[in-house]
Structure formats: structure tokens, C-alpha cells
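Every read-out reported here was derived from the displayed coordinates using simple, explicitly stated rules and does not represent laboratory data. All values derive from a computational prediction rather than experimental measurement. A quick note on method: Cβ atoms are made from the backbone with ideal geometry, for glycine too, and the neighbour counts reach across all protein chains shown.
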Amino acid sequence: MTPSRRALLGGGFGLASILIVRPAAATPEGMEAAIRQFAGGSPITRGRVTLDMPVLVENGNSVPLVVSVDSPMTEADHVTTIALFNQRNPLPEIALFQLGPRAGKAWVSTRIRLGDSQTIVAVARMKDGTLWSTSAELIVTLPACIES
Amino acid sequence: MSARRLLTAGIAAALALGLAAVLAETIPLAERRSGFDFMSRETQAMQRDDMSNPGMLSVLEGAELWRTRIGKAGKSCADCHGDAAVTMAGVAARYPGFDAAQATAIDLAGRIEQCRTTRQDAPPLAREGRDALALAAFVAHQSRGMPITAGDDPRLAATLDTGRALYGRRIGQLNLSCANCHDDNWGQKLGSAPIPQAHPTGYPIYRLEWQSLGSLQRRMRNCMIGVRAESYAYGAPEFTALELFLMSRAGGMSMETPGVRP
Amino acid sequence: MARALINLPATAKRGDIIEIRTLVQHPMETGFRPLPNGSLVPRHIINRFECIYDGATIFAAELHPAIAANPFIAFKTIATRSGELLFRWTEDTGEVREERATITVT
């Protein structure tokens, strides 16, 4: 298991006192498996989805995320689901959003937790069953002076 | 020790304290910057938007507690203090204050507690408990946008001196004082995080690291633990003295409660 | 569950796409947090959120522990008719919290 940043920075300002008991973390393979399960055998094409997140994350406890999909959101052509996945948190799933033509725009904003620097993947399923995706790479930094 | 040595030691100590005093107040008003300015754009946006700021949920809670009748007296805060937007405006900005009854400095949480126990005849709230923080957040929120005026009361002069001395005193296994980071090295990075100037403009804050609301005392505990010192207990007079000094040092800056901080 | 804040325009024109922002107080306890004695704080999260407006669920979300504490969720919908919007948060314990807001559509 890749050591987390918290463990690596152990020599510094009070950080040596932290013992983080980490459960088995999700891995890139675990994330791929979760994405494959969501995809249900259909191919995924990169494109049409946008993930708006800060590259440098100030605190992994609360990371703003905006996901949007280029879609007319008509009855005939709209996003039905957007699924978010991560690589290194204990679980690969983050959330699943269910939309429809009444959304007007395929756009969701939320805040997520990131336990470590990692890749986030967003996959959108369209009414016609096609799947589209994008990914974002994030660096999670640490605050100083925390609770022991 | 001879009298002469004692005198020399006394002068040296006074000089050291005096020097610490000079060093501890060296951020001129024009250069005072809130912790807000050292945060990422995203965290700033979280604080700015009342719909996005989790601290506002606590302010809402506090507003309801303000109206709730409790205790043997069956009174709410509102029964005596009416509309908080009017009666509490500017109050948090001038705390810690002087409690005439006990002839000592008192912080806002202490004052709220005093009202509860003596005037509402209700059991005390745990410091750092959810209700205490929600009430403090609600009251302090009524001073949002107003300038900090704490520290001017002449009856608090001795407490201010104590706070100043504590601020300049090296502590812990890392042997660092508040001044070492927040006066001498603000703006630099500690690990990957920028060091702010330590102005208590937004308390109680929603700290992302805590994933909840917390007081200045909790934040100072984090610092003391950070330098591997034994922290003062919640409600300790040292904390009140430190808060008085920090508020005085932040004089003229705007209150932001509820602040969001990483 | 405790407080919730909901923000949406009070009025809109029929066909406008409006933004709805919600913030609910909840620790979203992941189930992975260790106690000093080594055991884990049990999981306790909101695992479903939905918004019902003008006769249909116009937005829903399945949430996992990776959603930050005090969940903030914002989404868009078309203003179709004046009336009530129902917001529902469901915890993994089964407990449900609901909030309502109204919109006037002209």
C-alpha cells in the first residue's frame, strides 16, 4: 500500500505524533472495477463530461467539485446518471446523481473527501445508453497544527 | 543568589518581556491580514456564500436556541435581549470583556454561560459542546462586518499584559512561541500550509480539518499540541488572556463569524 | 438530523433553468475513523437525497462516505409550475428529513 502523505511527513511540526490507522484503501484497480461494474459491459468514451476541481487541495476533508455534461437535456437526448469514482479513498464510489430532461442542464456541484492525492473519474450515462467520461488529478496538501 | 544578581535577572526578564512586547505588536494596522486572505480561492468562496458556509448551519441552530425558553426561570435569551441583530451588534467584537462581579476578564462563552446559570437558572453548557458553540456563533455573527474593539478597557490592562507575555513565551518540545510563527514568519509555509497572522476574526470557525465548528480555544489547543506542549484546559484563564491579547492585536479588523478555515 | 439550508429563486419564468443549492448538517461519519482504543466509529451517513417538484423526482443522489460532512449539493431544474419543492435526505439508518420550499412560476 502506498504510504500516505501524512505518514511520509512524520518528521515535521507535530506530525510525528499522528498515527493514522488506514483501512485497506481503494486502488486504481479497485476503481477500474467499480467503473466497469457501473458501465455494465458498455464501452466508455472520453469526452462531453467536465470536472471542475482545484488542482491543489487545501484540505482533503472538503474538496469542492462541479461536474457537468455537454448535453441538450431533451426528452430524446439527455443524461440519466453521473457517477463519481476515486482511486485512493477506502471505497471507490463517491456518489451517483440521477437526472432527466427536467434538469435543463446536466450540472451538479458538491463537496467530497479525499484521503490522498489521487485521480477522480466522472462517468455519464446517456438515455441512449452510451457512456462518456473525464478524469482529474488532484494533489491533497495538509494543514499544520491539528488535533493529536 | 545575591540581591545584585536578582536585580540583574529581574531587569533582564523585564527587558525580555518588553522586547517581546515590542515584537508582539509589530503588525501595523495597514498590514493586518485575516486568515481569510491566506486561504485558497475555493475555501474563500465557501466562507463568502452563506448558502455554502457550514458555519451558517450552526448560526441557524443558535438563532433557535436564542428563542428557546429554558431553566427554572423559563426564560429565553430573547426574553431579555430581544432582537439579537440589534442588541448583540458589536458585542462579540469587544470581547473578552471585564466581568465586574468576579473582577476578572471573561470571554463571550463565559458570559453566555454566566447568563444561563445565574439569570436563566439552567444547567451549564459544556464548553465546546454543540449548543454552546451554536449560541456563540449566533451572537458573534451579529458583529459580522464590524471592527474589532476589544482590549481597550483599563481594567483589563493586567490581563492584556499576561496575554502578551504568553504570546511571546516559548513552549513545548519544539520550543516555539506564538510570535515565532505568527509575527516572524507569517506568509511563509509550514509544511504545505501558509502561516497566517493569527487574528481571531471569524470565531467560532468551521475548520475543514475538524469538519465542524470550533472555538478559538480549540484552535489554540491545536497549536500547542503542534509544538508538543501541554495545552491549557478549556476555560483556563490563560486562554482568556491570550484571546484578549489576540483580539487587541487584531484591533480595527472586521469580524467574519462564522469563518471557514482549512 | 439537524438544520438544512435551501436556496432557490422565489420566482421564475416558465422554462427558466434555475439553480437549487442545499446544505444539510450531518457529520457523514465514514465508518473508517479510528477511536483511541483502535476500534472504528460506526458509519452513519446520509445515503440518499432527492428533490420532488411538480409531480416528479427531478433530481436524486446516492451518497457514499466520500461526500464531505455537512453535505452541500447543488443542481439545476426547469421552472415548470408554481408550487412546492420537497427535499428529502435519507440516512443509512432509515431516518428521513424533509424540507419544503415554494416557487412562483409566471
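Most tightly packed first, judged by the mean number of other beta-carbon atoms within 10 Å of their residues, the peptides B:214-226, C:84-96 read B:214-226, C:84-96. Scoring A:86-95, C:5-14 by mean Cβ neighbours within 10 Å over their residues and listing the highest first yields A:86-95, C:5-14. Taking other residues whose beta carbon is less than 12 angstrom from the beta carbon of B:Leu216, and scoring Lys, Arg as +1 and Asp, Glu as -1, yields +3. The stretch between B:Arg130 and B:Ala45 holds 28.1 nm of extra length on full extension. This uses 0.36 nm per residue minus the Cα-Cα distance. Couplings for segment B:125-140, taken from phi via the Karplus curve 6.51 cos²θ - 1.76 cosθ + 1.60 with θ = phi - 60°, read 8, 5, 4, 6, x, 4, 5, 4, 5, 5, 5, 4, 5, 5, 5, 5 Hz in order; Gly and Pro are left as x. Mind checking the log10 I(q)/I(0) for segment B:162-205 at q = 0.20 Å⁻¹? Debye, one equal scatterer per Cα, no solvent, two decimals. Scattering profile of segment B:162-205, log10 relative to I(0): -0.74.
Computed from the C-beta positions of B:Thr87 and B:Arg169 and an R0 of 41 Å, the FRET efficiency is 0.60 to the nearest 0.05. Residue ranges A:45-52, A:108-115 sort as A:108-115, A:45-52 when ordered by packing (mean number of other C-beta atoms within 10 Å per residue, highest first).
For B:Arg261, the residues whose modelled amide H falls within less than 5 Å of its own, excluding neighbours fewer than 5 places apart on the same chain, are B:Tyr206, B:Arg207, B:Leu208. The H on the amide N of B:Thr104, modeled in the peptide plane, is under 5 Å from the matching H of B:Asp99, each at least 5 residues off or on a different chain. Listed values for segment A:59-67 are Karplus-derived 3J(HN,Hα) couplings in whole Hz (6.51 cos²θ - 1.76 cosθ + 1.60, θ = phi - 60°), namely 8, x, 6, 8, 10, x, 9, 10, 10, and x replaces Gly and Pro.
At 25 °C and 0.890 mPa s, grab the translational diffusion coefficient of segment A:25-140 from Stokes-Einstein with a Kirkwood Rh over Cα pairs, rounded to a whole number in µm² per second. After rounding, the answer is 172 µm²/s. All Cα-Cα separations within the protein assembly as shown were binned at 10 Å from zero, giving a P(r) of 4, 17, 26, 24, 17, 9, 3, 1, 0, 0, each value a whole percent of the pairs. With Cα atoms defining each centre, segment B:138-186 and segment C:48-73 are spaced 43 Å apart in the structure.
Rounded to the nearest Hz, the phi-derived 3J(HN,Hα) couplings of segment B:101-108 under the Karplus curve 6.51 cos²θ - 1.76 cosθ + 1.60 (θ = phi - 60°) are 4, 9, 6, 8, 6, 9, 8, 4, where x marks glycine and proline. Computed over segment B:36-262, the P(r) curve from all C-alpha pair distances, binned at 10 Å from the origin, holds 8, 33, 38, 17, 4, 0 percent per bin.
Spin-label model, B:Arg155 to B:Ser192: label points 7 Å out along the Cα-to-beta-carbon direction sit 4.9 nm apart. Per-residue mean of foreign Cβ neighbours for C:93-99 is 0 (Cβ atoms of other chains, 10 Å radius). Mean per-residue shielding of peptide C:52-63 is 4, counting Cβ atoms of other chains within 10 Å of each Cβ.
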